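The values are calculated or read from the model by the stated rules, or taken from the named source; none is laboratory data. Fair warning: this is a prediction, and the values are worked out from it, not measured in the lab. Cβ placement follows ideal geometry from the backbone for every residue including glycine, while neighbour counts extend to all protein chains displayed. With ligands, DNA and RNA removed, areas are computed over all heavy atoms of the protein, side chains included. Shrake-Rupley method; radii C 1.70, N 1.55, O 1.52, S 1.80 Å.
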Amino acid sequence: MEVYKFGGTSVGSIENMRSVMKLITDGKQKMVVLSAMSGTTNSLVEISDYLTKKNKESALAQISMLEKKYYNVVFDLFKSAEMKDCGKKILEEHFDFIKAFTTGTFSEAGERSILAQGELISTALFTLLMQEEGFNATLLPALEFMKVDADKMPDSRFIKQKLNEILASRPKADYYITQGFICKNELGEIDNLQRGGSDYTATLIGAAISSSEVQIWTDIDGFHNNDPRFVENTKRVDVLSFNEAAELAYFGAKILHPQTVLPAKNNNIPVRLKNTMNPPDPGTLITAESKGAGIKAVAAKDGITAIKIRSGRMLNAYGFMKNIFEIFEYFKTSVDMVTTSEVAVSVTIDNPKHLEEIVNELKEYGDVEVDKNQTIVCIVGNMIAEEKGFASRVFIALENIPIRMISYGGSRHNISVLVNTNDKKETLVALSEKLLNI
Ligand code: ASP
Ligand code: MG
């Protein structure tokens, strides 16, 4: 069974929902993962922020705006009065649930429960729409099988066992509809796979049911070779290996949630990125094999902080790195780039939540310097390290840009440079002009 995932824009209007229905109903059984309608999760985040700040009036105003929008959707989406009533009942249930949080104290668990409502509503309405149109569609509640552990990592064994159990225990359907993004955590509370997490849901499900392919449908025709928001004339990349796609997703390509590739890679399930607005387009295929040599694409990730630790104690010493990295581990902060010299080490982090504490601890080991507002620009391709002259071409392309760090040789697929965020656009344009479009 194939898994198809549709993002917020793909289910963002009645017209688009109907297009999705047309697209999936080709007679082949499918698992369909849906996001919330576009704008909904942001709106739910706003409601939660108001509630956290005890601003009940603004929360209620925002809830009522969202509610109105959905009542209009239900009114126009369904044909029969009976189905319109069913749709209204679904909305009533979910909006009563959200409104209940406007009284009493508001916790983080409450926030996570509110954030889940977007996917719960979109999937319930979509399943009803398919049933009204006479298709054999069933709603599978993701909260019954999608689970993360105490470290927020998906519990793949549980997901596989539970999902297959649920599928075996129900009458066979042609189309199984389920929620992206949402899950339960180790305490049994409602949780999520982080913003944009519906992509991740799709490959986790793909792995759990040994799917032949996972298709991720969005509003762009696949991975582009550069960031279309900053560079003109970017081109779609036809094929990427799992590793190449993982690097691009992790280092900033907005099209895919960073962790999405992992379950597909571990289970060797091809992933295809497709465009809902242009279904015949083949999109980008992500598979085990990398096709073609040379540079495939670049991506940029903002919000990076560089930390340099300079110490005489590094000279000929062992265990120095371990001590440094233990500090990051203690504060649950992941390190992305690392460069070292004999007397200093520089690392980058993308989560500055514990920056102050980390810096204080690091001071034990030497002088510490912090540079904020940095951007990682990641250049991805195949067998980069074996290609003669490759590094020099990258550096010539970037000759006018001050580079704070360079990481090369960590894998065969990647060169990363750290630049000031003010220089990002120039960096991306230079790479396009001098490396990609030749
Ligand atoms: N609805 C969630 C979000 O907006 C998850 C997703 O769309 O992938 O982040
Ligand atoms: Mg997305």
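Tabulated data for the structure shown
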{"quantity": "Matching residues, segment 24-64, being hydrophobic (A, V, I, L, M, F, W, C) and either closer than 18 Å to LEU120 by Cα or within 16 Å of ligand 1 (Cβ to nearest atom) (or both)", "calculated": "MET31, VAL32, VAL33, LEU34, ALA36, MET37, LEU44, VAL45, ILE47, ILE63"}
{"quantity": "Flag if LEU140 is buried (at least 18 other Cβ atoms within 10 Å of the Cβ), of a type outside the set (S, T, N, Q) and under 24 Å from the mean Cα position of the chain (by Cα)", "calculated": "yes"}
{"quantity": "Selected residue (only one of ARG393, ARG412 is in a helix (DSSP H, G or I), among the basic types (Lys, Arg) and on the phi < 0 side of the Ramachandran plot)", "calculated": "ARG393"}
{"quantity": "Number of the condition not met by GLU361 [criteria: (1) surrounded by 12 or more Cβ atoms within 10 Å (Cβ to Cβ); (2) in contact (Cβ under 8 Å) with a residue 40 or more places away in the chain]", "calculated": "(2)"}
{"quantity": "Yes/no for VAL345 being open to solvent by less than 10 Å² (accessible area, probe 1.4 Å), under 14 Å from ILE295 (Cα atoms) and either aliphatic (A, V, I, L, M) or part of a helix (DSSP H, G or I) (or both)", "calculated": "no"}
{"quantity": "So LYS372, is it in contact with a strand residue (DSSP E or B) (Cβ under 9 Å, 6 or more places away or on another chain), open to solvent by 10 Å² or more (accessible area, probe 1.4 Å) and of a type in the set (Lys, Arg)", "calculated": "yes"}
{"quantity": "Residue in segment 224-244 that is within 15 Å of ligand 2 (Cβ to nearest atom), aromatic (Phe, Trp, Tyr) and either under 17 Å from the mean Cα position of the chain (by Cα) or under 24 Å from THR348 (Cα atoms) (or both) present", "calculated": "no"}
{"quantity": "Residue within segment 285-296 that is within 15 Å of ligand 2 (Cβ to nearest atom), at pLDDT below 90 and either more than 24 Å from ILE349 (Cβ to Cβ) or surrounded by fewer than 23 Cβ atoms within 10 Å (Cβ to Cβ) (or both) present", "calculated": "no"}
{"quantity": "Residue check, LEU128 among the aliphatic types (A, V, I, L, M), more than 20 Å from LEU187 (Cα to Cα) and open to solvent by less than 50 Å² (accessible area, probe 1.4 Å)", "calculated": "yes"}
{"quantity": "Residue that is farthest from ILE24 (Cα to Cα) [pool: residues in segment 104-130 that are free of Cβ contacts under 8 Å to residues at least 40 places away in the same chain and in a helix (DSSP H, G or I)]", "calculated": "GLU108"}
{"quantity": "Unique residue being modelled with pLDDT of 95 or more and over 23 Å from the mean Cα position of the chain (by Cα) when the list is LYS147, LYS99", "calculated": "LYS99"}
